[in-house]
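Inspection log for the structure reproduced underneath, given as structure tokens.
The values are calculated or read from the model by the stated rules, or taken from the named source; none is laboratory data. Being a predicted model, the structure only gives us computed values, none of them experimental. Using ideal geometry, Cβ is built from the backbone for each residue, glycine included, and neighbour counts are taken over all protein chains shown.
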Amino acid sequence: MQSTQSHLFTPYLSHHFHCIQFDPDSFDALSFEQQNILLPASLDKAVAKRRAEFLAGRICAKTCLAQFGQGDFTLLNGSDRAPIWPANIVASITHTRGIAAAIATNDIAVKGLGIDIERDMKPKQEVELQRQILHPEEAEIFTLFGEQVHCPLTVIFSAKESIFKALYSTVQKFFGFDAVKLTQFDDKKLIFTLMETLHKDLGEGQQVEVYYQCKDALVLTECEYIAQ
């Protein structure tokens, strides 16, 4: 599969980050073997597009892990489908059509990382999906945020995905979009408030910060969880 390193995004978080742009149409049966990356059995019958995106994410993860001398680590998924990272490594992967990225750190203070890349929703989706993604109390701030960015729902959706990834290793359970509510924002950062207690260290009312940036009809969000 053809891929090239992308410098489209410069992350705000100061951890090892790698991003590639790739051509899913160039994916073939040998692509995993050529990258020395394991194709999980769960993807044996997946469509080529899905396997190409998975491979792209794993290429990024492998590059990040190499920064810690773990480039040959076999990255498997657990029963919950979350990647099982090497001991003392905290990381996150994201991929969508044509672009993928990973971020990783061995900073012991960091308990969770979450990144997410999304392509801008179509205007119709930005309207129709609001009830599924927004907390009922986010309506007013969503309108204000929409005056600053052209794809506010895409950004909030991506941010909530990054929050889930960053907190999941601590929470160890699924939680929905209503679990957090956007309460503040500026031109690079969103602040969400937990609307329910997710864990003894993540109580209702606690704030979670997410960085965001929008470029070339794409959104990147980043979330870092540092336990108090």
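Of all the residues in region 32-74, those that are in contact (Cβ under 8 Å) with a residue 24 or more places away in the chain and of a type in the set (A, V, I, L, M, F, W, C) number 13.
Taking the criterion of being in a loop (DSSP other than H, G, I, E, B) and either within 12 Å of the chain's Cα centre (by Cα) or of a type outside the set (K, R) (or both), the residues of region 160-175 that qualify are Q172, F174, F175. In region 137-165, the qualifying residues are those that are without any contact (Cβ under 8 Å) to a residue 24 or more places away in the chain and not aliphatic (A, V, I, L, M), and the one that is farthest from T197 (Cα to Cα) is E147. Scanning region 124-147 finds no residues that are buried (at least 18 other Cβ atoms within 10 Å of the Cβ), at pLDDT 95 or above and basic (K, R). Look through region 185-200, keep the residues that are out of contact with any helix residue (DSSP H, G or I) (no Cβ under 9 Å at 6 or more places or on another chain) and in a loop (DSSP other than H, G, I, E, B), and return whichever of them is surrounded by the most Cβ atoms within 10 Å (Cβ to Cβ). The qualifying residue surrounded by the most Cβ atoms within 10 Å (Cβ to Cβ) is T197.
As for region 166-187, it holds no residue that is in contact (Cβ under 8 Å) with a residue 60 or more places away in the chain, over 22 Å from G78 (Cβ atoms) and in contact with a strand residue (DSSP E or B) (Cβ under 8 Å, 6 or more places away or on another chain).
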